[in-house]
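Here's the structure, in structure tokens; my notes come after.
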Amino acid sequence: MISPSNDYPQLPPIRTAKGELTDCALLLEGGSFRGIYSAGVCDVLMENGIHPKAVAGVSAGALCGWNMMARQIGRFARICILHRHDSRYSGWKAMTTDGGLVGFRFLLDTVEKLYPCPKGLREDPERRFVAVSTDCKTGEPVYAEYDGHSSFGKAIQASASLAFTSRVVRMDGRALLDGGYSVSVPLEWAEKEGYKKKIVLLTRPVTARKDPVSKQKMVSFHAAFPRYPAFCAAVEAVPENYNRLRAELERQQDAGEAFVIAPAEELPISKMEGNTAKLYLYYLHGRRDALRLLPALREYLAK
């Protein structure tokens, strides 16, 4: 077992953040274990009394946002770092119980017992949480909003279920997979809902772009999902949609229409990063970036 006091001296103890809600939407990109950067940013936001009225996340961003909704500083970082090599999280027990590389029963059930949250914080009627997944039949994003029911864990699981490494999630008559196949950041959702202030938390630089999907990869998707041609089309369109959204985020950032927090350079973290020292380093990276940008963020929110 890793000792946070010896190996990770700056990993904050789990504690409940207090403060009034902030009139803005926090939009979180996915990125598997790059989400540890987001954990660092979110902890700094909570430590400094920034509690967005709406939190919407895609994939790992939904998992991070779920912890932020509970106002638990340090919680998501501890889960990602201290339990990285727990086989219930990622390993043979995860494969046995969930049929994939990620153990969602551990992340969404066991973790709630290991790190219990104060009752009622996620149920704040003035606050909204949305987990974005992709409808395999239509290839369109599905914006599932938390309504207080325990079954909502399915929506978070769907949001973070990558093809080939996780099972298709069945919910409300739909077949769902990772939200990143249809939208990388729920910017359009926030704008349609009327949020004027948007904090966009990315796990790759805002200047990042994606190359076209290879023919070989598309052959694999069509072979694995013959019943879902619209989903395969969405996968093929990911780079084009991603690059267009990235360009729009750059424009909004320059125009002061959105506040973007992102690493300046690519984080050298693999999707299933196993080096916990590296995960800890980029948790601190997220904290440093958030602290550096905090004065500018407060100024943006106050306008």
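The values are calculated or read from the model by the stated rules, or taken from the named source; none is laboratory data. Computed from a predicted model, the values in this text were never measured in an experiment. All Cβ positions, even for glycine, are placed from backbone atoms using ideal geometry, and neighbour counts span all protein chains on display. Areas reflect the complete protein model, heavy atoms only, side chains present, ligands, DNA and RNA absent. Shrake-Rupley method; radii C 1.70, N 1.55, O 1.52, S 1.80 Å.
Things worth noting here:
- When we screen 58, 111, 132 for residues that are farther than 18 Å from residue 181 by Cβ and either in contact (Cβ under 8 Å) with a residue 24 or more places away in the chain or exposed (fewer than 15 other Cβ atoms within 10 Å of the Cβ) (or both), the only hit is 111.
- Verdict on residue 63 being of a type in the set (A, V, I, L, M, F, W, C), in contact (Cβ under 8 Å) with a residue 40 or more places away in the chain and outside any loop (DSSP other than H, G, I, E, B): yes
- Yes/no for residue 169 being among the β-branched types (Val, Ile, Thr), surrounded by fewer than 22 Cβ atoms within 10 Å (Cβ to Cβ) and out of contact with any Lys or Arg (no Cβ under 7 Å at 6 or more places or on another chain): no
- Once the stretch 68-108 is narrowed to residues that are among the basic types (Lys, Arg) and surrounded by fewer than 21 Cβ atoms within 10 Å (Cβ to Cβ), the residue that is farthest from residue 47 (Cα to Cα) is 93.
- Scan the stretch 263-292 for residues that are hydrophobic (A, V, I, L, M, F, W, C), open to solvent by less than 40 Å² (accessible area, probe 1.4 Å) and closer than 20 Å to residue 49 by Cα and the total you get is 2.
This table checks each residue for (1) crowded, with 24+ Cβ neighbours inside 10 Å; (2) closer than 14 Å to residue 98 by Cβ; (3) touching a residue at least 24 places away in the same chain (Cβ under 8 Å).
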| site | (1), (2), (3) |
| --- | --- |
| 137 | no, no, yes |
| 140 | no, no, yes |
| 143 | no, no, yes |
| 155 | yes, no, yes |
| 174 | no, no, yes |
| 184 | yes, no, yes |
| 189 | no, no, yes |
| 192 | no, no, no |
